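The values are calculated or read from the model by the stated rules, or taken from the named source; none is laboratory data. This structure is a prediction, so every number in the text was calculated from the model and none was measured. Every residue, glycine as well, gets a Cβ built from its backbone with ideal geometry; the counts of neighbours run over all protein chains shown. Ligands, DNA and RNA are stripped out before the accessible areas are found, and what is left, the full protein with its side chains, is counted by its heavy atoms. Shrake-Rupley method; radii C 1.70, N 1.55, O 1.52, S 1.80 Å.
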Amino acid sequence: MDAISQPYRSVLYIPGSNERALDKARGLPTDAIIFDLEDAVAPDAKAAARQTLAAALKGGGYGKRARIVRINALTTPWGLEDVRALGDAGADAILLPKVNAGSDVDTLADLLPAEMAIWTMMETPLSVFNARDIAAHGRVTGLVAGTNDLAKDLGSRSRADRLPLMTALQTFVMAARAARIVAIDGVYNRFRDDEGLRAECEQGRDLGFDGKTLIHPAQIAGANIAFAPTSSEIDLARQQIEAFEASEASGQGIAVVDGMIVENLHVVAARRLLARAEAVTEMGAG
């Protein structure tokens, strides 16, 4: 699945050990699911969780939702067994935590089938400095901001504007865009605060993220709305394309829409937006 054929507005974490949640997720309107074997599963439950998750994935029923498995770090006692149990269970990608450099991906890549995509958690100061190399790794197709862990390592204070994390967030987006891969924003911890979620989703969207990781199903609707093109944006994109094509047909290189110049770069962005809108519509239909 690529960033156009698969939207990633809402990316919901689901504990890999929770059979009820795994079943309920089949009917949730989330674009993607991160089946979590790391933070959401206690150490003494990890062995059972990987078997529970493997059975759920092999059972199918998740439709068009992207299925991403977050394994435990390969430096832990559980990571290698996670790969062995889940590498061919039907996931679309394996999400590797605690990635500090592109070389950290190599070991996992050697353990997985060549067609299996790898996503990386960007949650350490080193991941910020090495974001470009991580994103450029040939097997990496998505970056996920781990803002809670990153804030812990930085010792930064929590702020509504996320100012202490802004350098990292922008770096992750730029690295993903340079590599033409997916970039997903970190979680919003107050899952009952709809207004706060809306504001942080809009901030992430404006920074350039494709979507947001979520900790509760109640957050799905807000993320889906925030990261989807609006009707006015779609209308403007169509007008820009039509005006530019008419201008080209008459031998001119630019057009004007609503008093603003439209050049080829605007048309490229407009077509990208329409492709994203179409992907969102198709997601809803499935």
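Quick check: with the 1.4 Å probe, what order do GLU282, GLU115 take by accessible area, largest first? Before the final figure, lay out the partial values.
Details: GLU282 85, GLU115 155 Å².
Largest accessible area first, the list is GLU115, GLU282.
State the volume of the convex hull built on the alpha-carbon positions of region 68-188, expressed per residue in Å³ and rounded to an integer.
Values: hull volume 11.8 nm³, N = 121.
Per-residue hull volume (Cα only) is 97 Å³.
Could you pull the Rg and Dmax for region 147-286, using just the Cα atoms, both in Å?
Using the Cα atoms of region 147-286, the pair Rg, Dmax is 18.1, 59 Å.
Any idea what log10 I(q)/I(0) is at q = 0.14, 0.25 Å⁻¹ for region 173-255, Debye with uniform C-alpha scatterers and no solvent?
Values returned for q = 0.14, 0.25 Å⁻¹ are -0.62, -1.08.
Leaving out same-chain residues fewer than 8 places away, which lysines sit with a Cα under 20 Å from that of LYS98?
Those lysines meeting the cut-off are LYS46, LYS152, LYS212.
Looking at region 98-146, I'd like the Rg to Rh ratio, where Rg is from alpha-carbon atoms and Rh is Kirkwood's inverse mean 1/r.
Numbers: Rg = 9.9 Å, Rh = 10.6 Å.
For region 98-146, the value is 0.94.
Return one whole number: the accessible area per residue of region 119-188 in Å², for a 1.4 Å probe. Please list the in-between numbers first.
Working: 3140 Å² over 70 residues.
Ligands and nucleic acids excluded, the result is 45 Å² per residue.
Can you list residues from other chains, or at least 5 along the same chain, whose modelled amide H is less than 5 Å from the amide H of GLY102?
Here ILE134 satisfy the definition.
Determine, for each peptide in 241-253, 164-176, the mean count of other beta carbons within 10 angstrom over its residues, then list the peptides with the highest first. Could you put the intermediate results ahead of the total?
Working: 241-253: 12.9, 164-176: 19.7.
Averaged packing, sorted descending, gives the order 164-176, 241-253.
Ignoring everything except DSSP H segments at least 4 long, calculate the 222 nm mean residue ellipticity for the chain; use -39,500 (n - 2.57) per segment, divide by total residues, nearest 500.
Details: 12 runs with 132 residues, N = 286.
Value at 222 nm, helices only, nearest 500: -14000 deg cm²/dmol.
Over region 140-205, one equal point on each Cα, no solvent: what is log10 I(q)/I(0) by the Debye formula at q = 0.13, 0.18, 0.20, 0.21 Å⁻¹?
Debye output, listed in q order: -0.37, -0.69, -0.84, -0.91.
Give, as a single signed number, the net charge of other residues whose beta carbon lies under 10 Å from the beta carbon of ALA25, with Lys and Arg counted +1 and Asp and Glu -1. Spell out each step's value before the answer.
Numbers: positive: ARG20, LYS24, ARG26, ARG65, ARG67; negative: ASP23.
That works out to +4.
As I understand it, the value is the acute angle between the Cα axis of helix 264-285 and the longest principal axis of the Cα atoms of the chain; what does it come to in degrees, rounded to 10?
50
Whats the longest run of the chain with zero trypsin sites (Lys or Arg not before Pro) that are DSSP loop and have at most 16 other Cβ atoms within 10 Å?
Working: sites that count: LYS64, ARG157, ARG159, ARG180, ARG190, ARG192.
My reading of the result: 193-286 is the longest stretch.
Work out the charge dipole of the chain with +1 on the Cβ of Lys and Arg and -1 on the Cβ of Asp and Glu about the Cα centre, then indicate which of SER127, ALA48, VAL257 is farthest towards its positive end.
So the residue we want is ALA48.
Among PHE191, PHE129, what's the order by accessible area (1.4 angstrom probe), most exposed first? Walk me through the numbers on the way to the answer.
Working: PHE191 65, PHE129 175 Å².
Descending order: PHE129, PHE191.
If I fit a long axis through the Cα atoms of helix 231-249 and take the longest principal axis of the Cα atoms of the chain, what angle between them do I get, 0 to 90°, rounded to 10?
50
Out of the total accessible area of the chain (probe 1.4 Å, heavy atoms of protein only), what percent is carbon and sulfur? Could the numbers behind the result be given before it?
On the way: 7130 of 13650 Å².
Its accessible area is 52 percent carbon and sulfur atoms.
Using only Cα atoms and rounding to the nearest 10 degrees, what angle (0 to 90) does helix 166-179 make with the longest principal axis of the chain?
Long axis of 166-179 versus the principal axis of the chain: about 80 degrees.
Could you state the per residue volume, in Å³, of the convex hull enclosing the Cα atoms of region 1-106? Each step should come with its number before you reach the end.
Numbers: hull volume 10.9 nm³, N = 106.
In region 1-106, the Cα convex hull volume per residue is 103 Å³.
Which of rounded, prolate, oblate describes the chain, given a ≥ b ≥ c as roots of the alpha-carbon gyration tensor eigenvalues and a/c under 1.5 marking rounded, otherwise prolate only if a/b is larger than b/c? Display every interim value, and only then the final one.
Numbers: a/c = 1.78, a/b = 1.67, b/c = 1.07.
Because a/c hits 1.5 or more and a/b exceeds b/c, the chain counts as prolate.
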